[in-house]
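Have a look at the structure below before the remarks.
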Amino acid sequence: MDALHFGWMLILCIVIVVLFLSGIRIVRPTHRGLVERLGKYHRYGTPGFHWIIPIIERMYQVNITELMVDAEPQEIITNDNLNAMVDAQIYYRVKSDEDSVKSSQYNVNNVHWQIVNLARTTLRNIIGTLTLKSANSERGKINDELHKVLIQETHSWGIDIVRAELKQIDPPKDVQDTMNKIVKAENEKIAAIDFATAAETTADGIKRAEIKKAEGIRQARILAAQGEAEAIRLVNEAADKYFIGNAQLLKKLETVQSSLKDNAKIVVPAGTELVNVIGEMAGVLPLRRGQEKA
C-alpha cells in the first residue's frame, strides 16, 4: 500500500511539474502579451516571466516593433488612360500600451493583410486622378496623401503608420521605350549644345588672341614710326639751328680743297697772310694780327 501511495504521489508530482512547465511564458521586450481565460481577455503581459494556467488560459504575443508591408505591384489606369504598374511600401508598428495592443487583435482581423488592401485601394484612388507624368513628378505628394489616408482609416486599430513610400510607378513598355528615346534625344541635344558652346568659346578665345597680337604689332609699329618721326624732327631742328651756315662754309672749304688738289695757282698780294687768302676764298673772315697773337 505504501508503494502504491508513493507511486501515485510520484505521478502527481510529475503532472504538476509538467503543468507548471507548460504554463511558463517569457515575453521579450519587442513583444507584449494578451492573456485570455476561457476565450475572454484576462490580463496584459509585459516583458518578462509569466505563468498561465494550461488549457484554461492562453497567451497571444504581439510584436510592437516597426514592420514593413509591401502593397504588392498592381496596374492602375492613370488619368491619361495609361496602365501604370504601381507598388508601395508601408511602415507601421503596434503601439505598446494595453489598449492599443488589444485593439490590434480585437478590432481588426489581420493588421498586415488589412493594411495591404487599404494601401492598394488608396493608391488606385490617388493615382487614378493624375497623369503618368504628374504621378512620377509628384511622388512626395502621393506619399503624403497615402500616409494621411492610412492614418485616418486605421486610427481604431491600435497602430501607428510610420510612413508610406511609393516603390515604383512604371509605365507600359511601349511608353517607356518612347520616353527613353525622348530622354536620349534631349541628352544628345544638350551635349551638342555644350560642344558647340565650347567650340565657340575656343574660337572666340583664338580670335581675341589674334586681335591682341595684331594690336600689339600695330602699336609697336606706331611707336617705331613715332620714334623715327621724332628723330627726324630733332635732326631737322638741329639742321635748322646749326647746319645752314656751316654747310656754306663746308662747301667753300671743299671748293678750296678741290682747287689746291688740282694745283691751281693762287696769287697772294704783297703783305697778305696766306691763311687769310685761303680764308677769304673759303668765305672765312681773315684773322687780325692781334687775334692771331692771342
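Residues that are within 30 Å of Arg139 (Cβ to Cβ) number at least 3 in the following strands (runs of 3 or more DSSP E) confined to region 1-103: 67-70, 74-77, 83-94. Among the residues here, Leu146 qualifies as touching a strand residue (DSSP E or B) at 6+ places or on another chain (Cβ under 7 Å), surrounded by 15 or more Cβ atoms within 10 Å (Cβ to Cβ) and touching a residue at least 40 places away in the same chain (Cβ under 8 Å).
Of the residues Asn109, Asn83, the single one that is in the same structural domain as Asn136 (by TED's automatic domain parsing), out of contact with any strand residue (DSSP E or B) (no Cβ under 9 Å at 6 or more places or on another chain) and either at pLDDT 90 or above or polar (S, T, N, Q) (or both) is Asn109. Does Leu132 meet the test of being in contact with an Asp or Glu (Cβ under 9 Å, 6 or more places away or on another chain) and of a type in the set (A, V, I, L, M, F, W, C)? Yes, satisfied. Would you check if there is a residue in region 32-52 being surrounded by 11 or more Cβ atoms within 10 Å (Cβ to Cβ), more than 21 Å from Lys102 (Cα to Cα), outside the structural domain of Tyr106 (by TED's automatic domain parsing) and without any contact (Cβ under 8 Å) to a residue 40 or more places away in the chain? The answer is no; no qualifying residue exists. Residue check: Lys133 meets all listed conditions (1) at pLDDT below 90; (2) surrounded by 17 or more Cβ atoms within 10 Å (Cβ to Cβ) but one, namely (2).
The values are calculated or read from the model by the stated rules, or taken from the named source; none is laboratory data. Keep in mind that what you see is a predicted model, and the values were worked out from it rather than measured. Cβ coordinates were reconstructed from backbone atoms using ideal geometry, including for glycine residues, and neighbour counts include every protein chain displayed.
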